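The values are calculated or read from the model by the stated rules, or taken from the named source; none is laboratory data. Because the structure is predicted, anything quoted here is derived from the model rather than measured. Quick reminder, even Gly has a Cβ in these numbers, built from the backbone with ideal geometry, and neighbours come from all protein chains shown. Quick note on the areas: whole protein, heavy atoms, side chains included, nothing else; ligands and nucleic acids left out. Shrake-Rupley method; radii C 1.70, N 1.55, O 1.52, S 1.80 Å.
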Amino acid sequence: MTDMLSLSAHLPEVQYAKGDVVIQEGTTTGSIWVLVSGSLEVRKGDVQVNSVVHPGALLGEVAVLLG
């Protein structure tokens, strides 16, 4: 299977600073995100529920699929 970094290489890349909120809990963007580099925390309220560190990891796909 072709990895997500290759499949998304032609798409615009957005950079965030440490501590920036990418997606606010309770909102929707209708977007699927691919982690290119760095890491991010997934939080539910004040609790960290996941840490994403692998380039090519997908984010938001469940929300897009389930609406």
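Residues of region 54-67 that are open to solvent by 50 Å² or more (accessible area, probe 1.4 Å) and not in a strand (DSSP E or B): HIS54, PRO55, GLU61, VAL62, ALA63, VAL64, LEU65, LEU66, GLY67. The set of residues in region 39-53 being part of a loop (DSSP other than H, G, I, E, B) and within 11 Å of the chain's Cα centre (by Cα) consists of SER39, VAL53.
Condition check ((1) within 22 Å of LEU66 (Cβ to Cβ); (2) at pLDDT below 90; (3) surrounded by 10 or more Cβ atoms within 10 Å (Cβ to Cβ)) across all residues:
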residue: MET1; (1), (2), (3): no, yes, no
residue: LEU5; (1), (2), (3): no, no, yes
residue: THR29; (1), (2), (3): yes, yes, yes
residue: VAL52; (1), (2), (3): yes, no, yes
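Among the residues of region 1-35, the one identified as of a type in the set (A, V, I, L, M, F, W, C), in contact with a helix residue (DSSP H, G or I) (Cβ under 7 Å, 6 or more places away or on another chain) and not in a strand (DSSP E or B) is ILE32. Within region 31-50, the set of residues being of a type in the set (Val, Ile, Thr) and surrounded by 10 or more Cβ atoms within 10 Å (Cβ to Cβ) comprises ILE32, VAL34, VAL36, VAL42. Keeping to region 42-67, report how many residues are out of contact with any strand residue (DSSP E or B) (no Cβ under 8 Å at 6 or more places or on another chain) and small (Gly, Ala, Ser). So the answer is 3.
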